[in-house]
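Inspection log for the structure reproduced underneath, given as structure tokens.
The values are calculated or read from the model by the stated rules, or taken from the named source; none is laboratory data. Worth saying up front: this structure is predicted, and the values here are computed from it rather than measured. Neighbour counts run over all protein chains shown; Cβ positions are idealised from the backbone, glycine included.
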Amino acid sequence: MRRVGRDQRSHVRVKLNGRSLSAEAEPRMLLSDFIRQTLGATGTHVGCEHGVCGCCTVLLDGIAVRSCLTLAMQVDGREITTVESLAGTDGALNVLQRAFRKNHALQCGFCTPGILMTFTDFLRRNPRPSEEQVIEVLSGHICRCTGYVGIVSAVLEAAGSTGSTSGGKP
């Protein structure tokens, strides 16, 4: 393994929300900073910078990860999906986003992108979760505004566990 100095930059190639992009990154640049500052996808929020709050969650090759705990150089050649990709190309909200709106699952919205990305991955793997499973997954996120009840209701509704929602991807 070649040692990389602090001032040496490397090219990082990614597919971000379906678009192939390439940009330079310093060896210690966090994925969250690379996404926001270098690639310009500012929907990914940065909260605690320690992986605790979940605000910076994105999908890396389809799996939810904390972008503040991942280095940009680690994602070379991989696919990143952020909250900007959830709505349709016409701006129509997906099922999960509509359920969040309907159930008042967001207030200030700072934590919402990370929660949406976590549950996008979770519902893909577990399309019919129990309320307990939703609460367990949600425990990895900090929301200071909602009290979590609306978020749980929204996820269950999007999953079809408490009512029916039609159309769109989760």
- Item | Single residue of the range 56-72 satisfying the filter (in contact (Cβ under 8 Å) with a residue 60 or more places away in the chain and surrounded by 23 or more Cβ atoms within 10 Å (Cβ to Cβ)) that is farthest from Val14 (Cα to Cα) | Thr57
- Would you mind finding the one in Ala72, Ala64, Ala23 that is touching an Asp or Glu at 6+ places or on another chain (Cβ under 6 Å) and either modelled with pLDDT of 95 or more or not assigned by TED's automatic domain parsing to the domain that holds Gly114 (or both)? Ala64
- Inside the range 100-112, can you point out the residues that are touching a Cys at 6+ places or on another chain (Cβ under 7 Å) and either free of Cβ contacts under 8 Å to residues at least 12 places away in the same chain or under 16 Å from Gly140 (Cα atoms) (or both)? Phe110, Cys111
- Message: Every residue in the range 95-110 that is of a type outside the set (A, V, I, L, M, F, W, C) and either surrounded by fewer than 20 Cβ atoms within 10 Å (Cβ to Cβ) or assigned to a strand (DSSP E or B) (or both), please.
- Response: Arg98, Arg101, Lys102, His104, Gln107, Gly109
- Query: Is it the case that the range 114-122 has a residue that's without any contact (Cβ under 8 Å) to a residue 60 or more places away in the chain, surrounded by fewer than 15 Cβ atoms within 10 Å (Cβ to Cβ) and touching a helix residue (DSSP H, G or I) at 6+ places or on another chain (Cβ under 7 Å)?
  - Reply: no
- Scope the range 127-143; condition part of a helix (DSSP H, G or I) and either within 18 Å of the chain's Cα centre (by Cα) or in contact (Cβ under 8 Å) with a residue 24 or more places away in the chain (or both); matching residues: Glu131, Val134, Ile135, Glu136, Val137, Leu138
- Message: Residue under question is Arg19, and the condition is that it be among the charged types (D, E, K, R), closer than 21 Å to Ala159 by Cα and surrounded by fewer than 15 Cβ atoms within 10 Å (Cβ to Cβ); does it hold?
- Response: no
